[in-house]
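Visitor: Dumping the structure here so I can ask a few things about it.
The values are calculated or read from the model by the stated rules, or taken from the named source; none is laboratory data. Keep in mind it's a predicted model, so treat the numbers as computed, not measured. For neighbour counting, all protein chains shown are included, and Cβ atoms are generated from backbone atoms with ideal geometry for every residue, glycine included. Side chains are part of the model used for accessible areas, which takes the heavy atoms of the whole protein and leaves out ligands, DNA and RNA. Shrake-Rupley method; radii C 1.70, N 1.55, O 1.52, S 1.80 Å.
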Amino acid sequence: MSVRKERDMGSSQSPEEAKQAELLRIDGNSCFKKQRFTEAIDAYTEAITLCPNVAVYYTNRALCHLKRSDWIRVEEDSRRAIQLDSNSVKAHYLLGLALQHRQEYGKGCVELQTAFDLDRGANSKGHMVEEIWKELAKAKYQEWERSSSKRSQELQQLKESCESALREKYFNDVSFLEGFIEVPHASHSKQLEALGRVFDKVAEADIPTEVPHYLCCKITLEIFRDPIITPSGHTYEKAAILTHLEKVGKFDPTTRQPLYPWQLVPNYTMKEVVQAFLDKNGWAYKTD
């Protein structure tokens, strides 16, 4: 399939060109499902040539580039798609993955978080929520792990410097007082022990513990991502309770009282509490 030069950003298309572009997208989707990524890229590129202002053509092509581990082009197409449609969940998600691969972890987390928030928004069906959360949680945990390791090294260096200063002071005191009075060895040891306790206390902030049970869904037993509250006052993970209502029955799993999807209300207070906990305890993002 020949690939013509893409048009300028502001050019318009005729209805015939728009229709042909859609047929090319469908052809590209078919090739993608058969893992014929080169042919899919060619089809999407032809569609872009005809209609350069349709975001989905770029995200589809970006996904093909991802399958070929061509991260530079994943980023290029994702950024162009975001220019065309800032609410494109897939574009922000793919850009986040590309930035993570380039080790731009902070920026990658921002894009993944944007994708996650958009996909669980009121105007979205949330088809990618679980997939996005998995990558976001992994990125957040990796970010915490790097920061934690850096803090640990800095803390150890500071501790060693303080211990060295205490020892130097001790030996200077020994040299000055030798022959006059007995040097208090016990006092020096107590100072070192006290110093050690101080640094151990500081280091506790980076030691993983258990996520408090009240921050976890009673169904999934995992920390809340999108908490909702029922009329009876119980909070559940949105996806989990919706699945329960659809597959198990229209009742609250805790109280057994009748419950319907329209009665579910976002628990913004719990969401803020969970986010504050995660901001302080990045290790809690780890899901396995």
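Visitor: Is there any pair linking a residue in the range 53-70 that is touching a residue at least 24 places away in the same chain (Cβ under 8 Å) and polar (S, T, N, Q) to one that is open to solvent by 20 Å² or more (accessible area, probe 1.4 Å) and assigned to a loop (DSSP other than H, G, I, E, B), with Cβ under 8 Å and at least six apart or on different chains, and which?
Guide: ASN53/MET9
Visitor: Please go through the range 217-237 and give me each residue that is under 14 Å from LEU278 (Cβ atoms) and crowded, with 18+ Cβ neighbours inside 10 Å, ordered by number. It would help to see each step written out before you state the result.
Guide: Kept after step one, since they are under 14 Å from LEU278 (Cβ atoms), are these residues of the range 217-237: 222-227.
If the condition is that a residue be under 14 Å from LEU278 (Cβ atoms) and crowded, with 18+ Cβ neighbours inside 10 Å, then ILE223, PHE224, ARG225, ASP226, PRO227 are the ones that fit.
Visitor: A further question follows. Of everything in the range 6-24, what is outside any helix (DSSP H, G or I) and either at pLDDT 75 or above or farther than 19 Å from LEU84 by Cα (or both)? Give them in sequence order. Let's see the steps before the verdict.
Guide: In the first step, residues of the range 6-24 are kept if they are outside any helix (DSSP H, G or I); the result is 6-14.
Of everything in the range 6-24, those that are outside any helix (DSSP H, G or I) and either at pLDDT 75 or above or farther than 19 Å from LEU84 by Cα (or both) turn out to be GLN13, SER14.
Visitor: Out of ALA240, ALA203, which single residue is over 30 Å from GLN156 (Cα atoms), surrounded by 14 or more Cβ atoms within 10 Å (Cβ to Cβ) and modelled with pLDDT under 95?
Guide: Numbers: ALA203 fails: over 30 Å from GLN156 (Cα atoms).
It is ALA240.
Visitor: Any idea which of (1) surrounded by 14 or more Cβ atoms within 10 Å (Cβ to Cβ); (2) out of contact with any strand residue (DSSP E or B) (no Cβ under 6 Å at 6 or more places or on another chain); (3) modelled with pLDDT of 90 or more is the one ASP173 doesn't satisfy?
Guide: The number of the failed condition is (3).
Visitor: Please go through the range 243-253 and pick out each residue that is part of a loop (DSSP other than H, G, I, E, B) and either under 30 Å from LYS280 (Cα atoms) or open to solvent by 60 Å² or more (accessible area, probe 1.4 Å) (or both).
Guide: Those that are part of a loop (DSSP other than H, G, I, E, B) and either under 30 Å from LYS280 (Cα atoms) or open to solvent by 60 Å² or more (accessible area, probe 1.4 Å) (or both): VAL248, LYS250.
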